[in-house]
Amino acid sequence: MKKITAILFFATGLFAFSAQAQIKLNHLEAGISYWNRSYSDLDERAFLMNYEEDSDFTKGGVIPHIGAEVNLYKGLALDGRVGFWTGDFSQKVTFGGGLVISESIDQTIIPVSLGLVYNFDGVFNEAINLFAGAGLNRYFIQNKVERTSTEGGNSSDSFNGNNYGANFKAGAEYLLNSNFGLALEAGYNTGSYNQNYQADTDSQKESYEVSVQGLEVGLSLRYRFSAQ
């Protein structure tokens, strides 16, 4: 919660600075997309018992976001966005004598992105604008781990971290009127983070790299301040 509050304060400060410096805001936006993470190596399930590595494993989820675009020069602009992604990983392991251990990981990722985008306004149609860009991602990550057993024992742990990655995107915006536009966007996120793993209480903790790379496709509603 503290991280989200800090990010919102940062965004508010950025908008206030933009107004004072008379930097032109192209638009504000709110949207929703689907981020399908794909793993080339270990994934979060490696923290769970009896893990079997699956190089083709994917994990998708809906990610709401808010963002803003600041004009720099003609069609070139600075683009910023904050999103919120959640996912869960779980399993049950049955042992002799009827013992069952249930494990789960509840994950939250807050990706904050900042990059450059170029707008190709009215190339084919005055009501359709094309855009493409690339930028840097900062991922704020929290994993909450829970273990329970039929014998009544339970334990919990959490991992918090952050790391960097990159993003690449392209899309098209349909102008509904002079102030509102609907944008369809497709992109690719890169990056990873380090996760600590302990097979059992007698083992030493090991650190391994978990990928956050994957395709992202979504829609957003934009409020345009003026024609670009």
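The values are calculated or read from the model by the stated rules, or taken from the named source; none is laboratory data. Since the model is a prediction, treat every value here as computed from it, not as a measurement. Heads up, the Cβs are rebuilt from the backbone with ideal geometry, glycines too, and the neighbour counts pull from every protein chain shown. Ligands, DNA and RNA are stripped out before the accessible areas are found, and what is left, the full protein with its side chains, is counted by its heavy atoms. Shrake-Rupley method; radii C 1.70, N 1.55, O 1.52, S 1.80 Å.
Being part of a loop (DSSP other than H, G, I, E, B) and open to solvent by 70 Å² or more (accessible area, probe 1.4 Å) is the filter here; which residues of the stretch 56-66 pass it?
Looking only at the stretch 56-66, we keep the residues that are part of a loop (DSSP other than H, G, I, E, B), and these are 56-57.
Once the filter is applied, which keeps residues that are part of a loop (DSSP other than H, G, I, E, B) and open to solvent by 70 Å² or more (accessible area, probe 1.4 Å), the stretch 56-66 yields only Asp56.
Provide a single number: the residues in the stretch 112-132 that are within 30 Å of Gln195 (Cβ to Cβ) and not β-branched (Val, Ile, Thr). Walk me through how you get there before you give the answer.
Of the stretch 112-132, the ones within 30 Å of Gln195 (Cβ to Cβ) are 112-115.
Applying the additional criterion that residues be not β-branched (Val, Ile, Thr) yields 113-115.
Summing the residues that are within 30 Å of Gln195 (Cβ to Cβ) and not β-branched (Val, Ile, Thr) in the stretch 112-132 gives 3.
Any idea how many residues of the stretch 125-173 are closer than 30 Å to Gly96 by Cα, of a type in the set (S, T, N, Q) and more than 17 Å from the chain's Cα centre (by Cα)?
Of the stretch 125-173, the ones closer than 30 Å to Gly96 by Cα are 143-158.
When the remaining residues are screened for being of a type in the set (S, T, N, Q), the result is 143, 148-150, 154-156, 158.
Then keep just the ones that are more than 17 Å from the chain's Cα centre (by Cα); that gives 148-150, 154-156, 158.
So the count comes out to 7.
I'd like the full set of residues that are among the acidic types (Asp, Glu) and touching a helix residue (DSSP H, G or I) at 6+ places or on another chain (Cβ under 9 Å), limited to the stretch 49-92.
The initial filter retains those residues of the stretch 49-92 that are among the acidic types (Asp, Glu), namely 52-54, 56, 69, 79, 88.
Of everything in the stretch 49-92, those that are among the acidic types (Asp, Glu) and touching a helix residue (DSSP H, G or I) at 6+ places or on another chain (Cβ under 9 Å) turn out to be Glu52, Glu53, Asp54.
Could you name every one of the strands (runs of 3 or more DSSP E) located completely within the stretch 117-228 that has at least 2 residues being under 21 Å from Asn50 (Cα atoms) and either open to solvent by less than 30 Å² (accessible area, probe 1.4 Å) or touching a residue at least 12 places away in the same chain (Cβ under 8 Å) (or both)?
Working: elements: 128-149, 154-175, 180-189, 192-197, 206-211, 214-224.
So the answer is 128-149, 154-175, 192-197, 206-211.
Looking only at the stretch 89-114, filter to residues that are of a type in the set (A, V, I, L, M) and in a strand (DSSP E or B); which one of those is farthest from Arg147 (Cα to Cα)? Before the answer, list the steps.
Filtering the stretch 89-114 down to residues of a type in the set (A, V, I, L, M) leaves 93, 99-101, 105, 109-110, 112, 114.
This time we only want the ones that are in a strand (DSSP E or B), so: 93, 100-101, 105, 109-110, 112, 114.
Values: Val93: 11, Val100: 10, Ile101: 7, Ile105: 9, Ile109: 21, Ile110: 25, Val112: 31, Leu114: 37 Å.
Within the stretch 89-114, the match that is farthest from Arg147 (Cα to Cα) is Leu114.
Can you pull out the residues in the stretch 67-99 that are loosely packed, with under 14 Cβ neighbours inside 10 Å and either within 21 Å of the chain's Cα centre (by Cα) or modelled with pLDDT of 85 or more (or both)?
Passing the criteria: Tyr73, Lys74, Leu76, Thr86, Asp88, Ser90.
How many residues are assigned to a loop (DSSP other than H, G, I, E, B) and open to solvent by 60 Å² or more (accessible area, probe 1.4 Å) if we restrict to the stretch 24-50?
Of the residues in the stretch 24-50, the ones assigned to a loop (DSSP other than H, G, I, E, B) are 24, 39-43, 48-50.
Those still in the list that are open to solvent by 60 Å² or more (accessible area, probe 1.4 Å) too: 24, 40-41, 50.
Of the residues in the stretch 24-50, 4 are assigned to a loop (DSSP other than H, G, I, E, B) and open to solvent by 60 Å² or more (accessible area, probe 1.4 Å).
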